[in-house]
1. For segment 105-128, give me each residue that is open to solvent by less than 60 Å² (accessible area, probe 1.4 Å) and farther than 23 Å from Gln30 by Cβ.
2. Collect the residues in segment 14-50 that are modelled with pLDDT under 75 and in a loop (DSSP other than H, G, I, E, B), keeping them in residue-number order.
3. Is it fair to say Glu79 is in contact with a Gly (Cβ under 9 Å, 6 or more places away or on another chain) and of a type in the set (D, E, K, R)?
4. Name every residue in segment 51-104 that is among the aliphatic types (A, V, I, L, M), buried (at least 18 other Cβ atoms within 10 Å of the Cβ) and not in a loop (DSSP other than H, G, I, E, B), in order of residue number.
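The values are calculated or read from the model by the stated rules, or taken from the named source; none is laboratory data. None of these values were measured; they are calculated from a predicted model. Cβ placement follows ideal geometry from the backbone for every residue including glycine, while neighbour counts extend to all protein chains displayed. Quick note on the areas: whole protein, heavy atoms, side chains included, nothing else; ligands and nucleic acids left out. Shrake-Rupley method; radii C 1.70, N 1.55, O 1.52, S 1.80 Å.
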Amino acid sequence: MNQSTSILWLAVLAAAGAYAQGPSQPNSDQTPIVEVVGCLSPADAGWVLTKASEPAVAPTSFTTPEAVKAAAEKPLGTEQYRLLGAGSFSPESHKGQKMVVRGLLIKSTINARINLTSFQMLAETCTR
């Protein structure tokens with residue numbers, strides 16, 4: 001076996017070892033992605049989710065069709081969150097609608113915020 005073949009085999013074995021370990025586990029100090037259901041309203045120069053549920057840790061940053069169906073059954077709550085990055089989701093067309101959002105929760109004693117990664121309509125109106 002020549003030197004270049006040996007190096008190739010070492011690279012293949014190293015890659016196989018890394019693959020066998022599986023995906024890395026998130027550190028406990030990482031901020032989790034959360035999911036919140038609420039009513040979309042304009043506020044100041046941005047958007048807020050009112051009558052919002054408590055944040056629940058989400059398994060992904062995106063919302064699957066199955067997750068949207070499950071979220072539609074969740075009740076509204078009493079929380080409020082300022083939405084960061086809402087502009088890229090065209091929120092104007094969803095004003096007053098029941099929404100499910102996912103993103104990074106930024107806790108604050110004054111103004112909790114969610115930096116959005118997903119933004120989905122659940123119902124045309126926000127009555128339940």
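1. Within segment 105-128, Leu122, Ala123, Cys126 qualify.
2. At the first step, the residues of segment 14-50 found to be modelled with pLDDT under 75 are 14-30.
Within segment 14-50, Gln21, Gly22, Pro23, Ser24, Gln25, Pro26, Asn27, Ser28, Asp29, Gln30 qualify.
3. Numbers: in contact with a Gly (Cβ under 9 Å, 6 or more places away or on another chain): yes; of a type in the set (D, E, K, R): yes.
Considered against the rule, which asks whether it is in contact with a Gly (Cβ under 9 Å, 6 or more places away or on another chain) and of a type in the set (D, E, K, R), Glu79 comes out as yes.
4. Of segment 51-104, the ones among the aliphatic types (A, V, I, L, M) are 52, 56-58, 67-68, 70-72, 76, 83-84, 86, 99-101, 104.
Checking which are buried (at least 18 other Cβ atoms within 10 Å of the Cβ) leaves us with 52, 58, 67, 71, 83, 86, 99-101.
Those that are among the aliphatic types (A, V, I, L, M), buried (at least 18 other Cβ atoms within 10 Å of the Cβ) and not in a loop (DSSP other than H, G, I, E, B): Ala52, Ala67, Ala71, Leu83, Ala86, Met99, Val100, Val101.
Conditions (1) among the β-branched types (Val, Ile, Thr); (2) over 15 Å from Ser41 (Cβ atoms), marked per residue:
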position: Gln80; (1), (2): no, no
position: Gly85; (1), (2): no, yes
position: Ser88; (1), (2): no, yes
position: Pro91; (1), (2): no, no
position: Gly103; (1), (2): no, yes
position: Lys107; (1), (2): no, yes
position: Asn111; (1), (2): no, no
position: Ile114; (1), (2): yes, no
position: Ser118; (1), (2): no, yes
